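See below for the structure under consideration.
The values are calculated or read from the model by the stated rules, or taken from the named source; none is laboratory data. Please read these numbers as outputs of a predicted model, since none were measured by experiment. Glycine also receives a Cβ, built like all others from the backbone with ideal geometry; neighbour counts cover every protein chain displayed.
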Amino acid sequence: MKDFFNSLLNLVFPPKCEVCKKDTPEPLCTDCFSQIQFMKPSLGIYSAGSYEGVLRSAIHRFKFAGRKSLATPLGILLVKYLSHTSTLCIEEIDSVIPVPLHRKREQKRGFNQANLLAEVISKYFGLPTEHALERTRDTKPHFNLPRKERFSNIKGAFMVSSRPAVQDKRLLLVDDIYTTGATIFECSKTLKLAGAKRVEILTLSRTPMI
Ligand SMILES: [Zn+2]
């Protein structure tokens, strides 16, 4: 019955690529997907692509327009990037940790984009996703804050909710956008203070100015 309604829905509203709006069953068409260029790591941070063009539009649709279906192609982009990057060895990772949102913000959005990306990576590589980090403070959005204030704004905003999931573990910390690194470095520091053996940082995109 569900299939019947879905096909009826597809007939009335044919599924389109979220970025170029071309009719396609995929949320991100192959033409758009192939336009995303992989980037080299910078300062030890692994980011799949630059936050511009197709990738920027796709992240916007995913996060701000609530298009959850984009989690799969964007997660696959991370899987491809990891398979392509020789310096980050996925065999040496014990678990995947998504950067958490504050509970209130996650409720408002309905999902945490980092969780969904982490789940695709976990599924593909057969690794557990551990929700071992918790955001204890709801911080101001970072968009308009100067660099220095971003770091003080986020300081002490996270805690480890499960120490056994972290202690002596080699972790892959996952987020969507890397700008100044304030959020992800604070998460990494919190995990290391709780005894993580190693923390590798992976983001979907990096803003082009850094
Ligand atoms: Zn497209």
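Some notes on this structure:
- Residues in the range 47-65 that are more than 16 Å from residue 206 (Cβ to Cβ), under 14 Å from the mean Cα position of the chain (by Cα) and not in a helix (DSSP H, G or I): 0 in all.
- Here residue 26 passes the criteria (1) assigned to a helix (DSSP H, G or I); (2) modelled with pLDDT under 95; (3) farther than 20 Å from residue 178 by Cα except the one numbered (1).
- Enumeration of residues in the range 105-129 that are among the small types (Gly, Ala, Ser) and under 15 Å from residue 62 (Cβ atoms): 110, 114, 118
- Of all residues in the range 48-67 being among the hydrophobic types (A, V, I, L, M, F, W, C) and farther than 18 Å from residue 181 by Cα, the one that is farthest from the ligand (Cβ to nearest atom): 64
- Inside the range 96-124, residues that are over 19 Å from residue 70 (Cβ atoms) and crowded, with 18+ Cβ neighbours inside 10 Å make up a count of 2.
- Each residue in the range 4-46 was checked for being more than 22 Å from the chain's Cα centre (by Cα), away from the ligand (no atom under 12 Å from the Cβ) and among the β-branched types (Val, Ile, Thr), and 1 of them qualify.
- Within the range 84-98, residues that are under 10 Å from residue 170 (Cβ atoms) sit with their Cβ atoms under 9 Å from residues that are polar (S, T, N, Q) and modelled with pLDDT of 95 or more, at 6+ positions apart or across chains, in these pairs: 95/122; 95/129.
- Considering 70, 78, the condition of being within 12 Å of the ligand (Cβ to nearest atom), under 20 Å from residue 174 (Cα atoms) and buried (at least 17 other Cβ atoms within 10 Å of the Cβ) is satisfied by 70 alone.
- Every test in (1) over 23 Å from residue 63 (Cβ atoms); (2) in contact with a strand residue (DSSP E or B) (Cβ under 7 Å, 6 or more places away or on another chain) is passed by residue 132 save one, and that test is (1).
- In the set (1) over 17 Å from the mean Cα position of the chain (by Cα); (2) part of a loop (DSSP other than H, G, I, E, B), residue 127 fails one condition alone, (1).
- Scan of the range 74-116 for residues that are modelled with pLDDT under 95, under 12 Å from the mean Cα position of the chain (by Cα) and assigned to a helix (DSSP H, G or I), ordered by number: none
- All strands (runs of 3 or more DSSP E) inside the range 137-210 with 1 or more residues being closer than 29 Å to residue 54 by Cα: 170-178, 198-206
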